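**Q** Below you will find the structure I want to go over with you.
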Amino acid sequence: MKRAVVIGASSGIGLEVARLLKQEGWTLGVAARRVELLQTLGDVNVAQIDVTAEDATQRLHKLIEDLGGMDLFFYASGIGKQNRELKEDIELATINTNAMGFTRMIGEAYRYFASQGKGHIAAITSIAGMKGLGPAPSYSATKAMQNVYLQALEQQANARGLKIHFTDIRPGFVDTALLAGDFHYPMLLQPQKVAQEIVYAIHHRQHIRVIDWRYRLLTALWRRIPRCLWRIIRL
């Protein structure tokens, strides 16, 4: 029996990945703040989890217990906004969710898998973590933190002899509610297509997956831009 927990499964990429895993025969435990949206998945274990809440890890453990265990932990929760005026509430809310919430939930999944000696952690980060983006400072900063955190846990797991696999999923702009607004984003990806690439990356235990090929080319270019030029580019 393959058992997966999907955090942030109420909409967008998380919902599409949950649907694909269910079609493949995985036994699912799904969680989000808005549990009413999870009912569309049918016969799954459902939990209401707010990753910024102090009881989030206890709720995760209860979900794992109801599921009968966990083999895959897929994390899709996150927020992000353009914040060119650097409004304090936007910056702090982003850090609370993308840094504090991420650390809380990924860390708990890691400790669970460490106790059983194996498992797979896959998480949606972003290509935004590869460079500091002026229009969204806290978003790109927290995504960089997520990239490095997963890398550090992977190194630690190997040092401890734990069979925990990690997949850092870095999509470009995806057509979800997260990007709703007046601004037009280029090269928008569809959640269904992104979910297919994610499931492929999980099955093949890829360490890092940039989605899709256009963004792989873009980020390859980004890496070649020196800091002295990057800081004067207008985004």
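The values are calculated or read from the model by the stated rules, or taken from the named source; none is laboratory data. The model shown is predicted, which means the values in this text are computed figures rather than measured ones. Cβ: placed from backbone, ideal geometry, glycine included. Neighbour counts: every protein chain shown. Just the protein is used for accessible areas: all its heavy atoms, side chains included, with ligands, DNA and RNA removed. Shrake-Rupley method; radii C 1.70, N 1.55, O 1.52, S 1.80 Å.
**Q** Round to a whole number: what % of the accessible area of the chain belongs to carbon and sulfur, probe 1.4 Å?
**A** For the chain, the apolar C and S fraction of the accessible surface comes to 53 percent.
**Q** If packing is taken as the average number of other Cβ atoms within 10 Å across a peptide's residues, how do 93-100, 123-130, 34-41, 143-150 rank, most packed first?
**A** 123-130, 143-150, 93-100, 34-41
**Q** What figure, in Å² to the nearest 10, do you get for the accessible area of Ile232 with a 1.4 Å probe and non-protein molecules left out?
**A** So the heavy atoms of Ile232 present about 120 Å² to solvent.
**Q** How large is the accessible surface per residue of the chain, computed with a 1.4 Å probe and reported in Å² as a whole number?
**A** 52
**Q** Of the labelled options [x] 19.2, 83; [y] 20.3, 62; [z] 17.3, 53, which one gives Rg and Dmax of the Cα atoms in Å as computed for this structure?
**A** Label of the calculated value: [z].
**Q** Given the C-alpha centroids of the stretch 1-26 and the stretch 79-146, what is the distance between them in whole angstrom?
**A** Cα centres, the stretch 1-26 to the stretch 79-146: 20 Å.
**Q** Separate question: As I understand it, the value is the acute angle between the Cα axis of helix 56-67 and the longest principal axis of the Cα atoms of the chain; what does it come to in degrees, rounded to 10?
**A** In the chain, helix 56-67 runs at an angle near 40 degrees to the longest axis.
**Q** Given the -39500 (n - 2.57) contribution per DSSP H run of 4+ residues, what per-residue ellipticity at 222 nm results for the chain, rounded to the nearest 500 deg cm²/dmol?
**A** Only helices count here, giving -13000 deg cm²/dmol.
**Q** Shifting gears a bit: Enumerate the lysines that Lys81 could reach by cross-link, defined here as Cα to Cα under 19 Å, with residues fewer than 8 away along the same chain left out.
**A** Excluding near neighbours in sequence, the set is Lys131, Lys143.
**Q** Report, ordered by chain and residue number, the lysines lying within cross-link reach of Lys2, taken as a straight Cα distance under 27 Å and ignoring same-chain residues fewer than 8 apart.
**A** Lys22, Lys62, Lys118, Lys163, Lys193
**Q** Evaluate E = 1/(1 + (r/R0)^6) for Ile95 and Glu24, where r is the Cβ-Cβ distance and R0 equals 30 Å; express this FRET efficiency to the nearest 0.05.
**A** For R0 = 30 Å, the calculated efficiency reads 0.30.
**Q** Rounded to whole Å and sorted largest first, what semi-axes of the equivalent ellipsoid does the C-alpha gyration tensor of the stretch 93-218 yield via the square root of 5 times each eigenvalue?
**A** 26, 17, 12
**Q** Could you give the angle, 0 to 90 degrees to the nearest 10, between helix 137-159's Cα long axis and the longest principal axis of the Cα atoms of the chain?
**A** Helix 137-159 sits at roughly 50 degrees to that axis.
**Q** Of His204, Gln23, Met100, which is farthest along the charge dipole of the chain in the positive direction, counting Lys and Arg as +1 and Asp and Glu as -1 at C-beta?
**A** With unit charges placed on the Cβ atoms, the residue in question is His204.
**Q** Once phi is turned into ³J(HN,Hα) by the Karplus curve 6.51 cos²θ - 1.76 cosθ + 1.60 with θ = phi - 60°, what whole-Hz value does each residue of the stretch 101-110 show in order, with x for glycine and proline?
**A** Running phi through 6.51 cos²θ - 1.76 cosθ + 1.60 with θ = phi - 60° gives x, 4, 4, 4, 7, 5, x, 5, 5, 4 Hz.
**Q** Under 5 Å between amide hydrogens, which residues at least 5 positions from Val30 or on another chain qualify, with H placed 1.01 Å from N in the peptide plane?
**A** Placed amide hydrogens put Val6, Asn45, Val46, Ala47 under 5 Å from Val30.
**Q** Over 12 Å apart: what share of the alpha carbon pairs of the stretch 12-69 falls there, rounded to a whole percent?
**A** Pairs farther apart than 12 Å: 65 percent.
**Q** As I understand it, the value is the acute angle between the Cα axis of helix 213-222 and the longest principal axis of the Cα atoms of the chain; what does it come to in degrees, rounded to 10?
**A** 50
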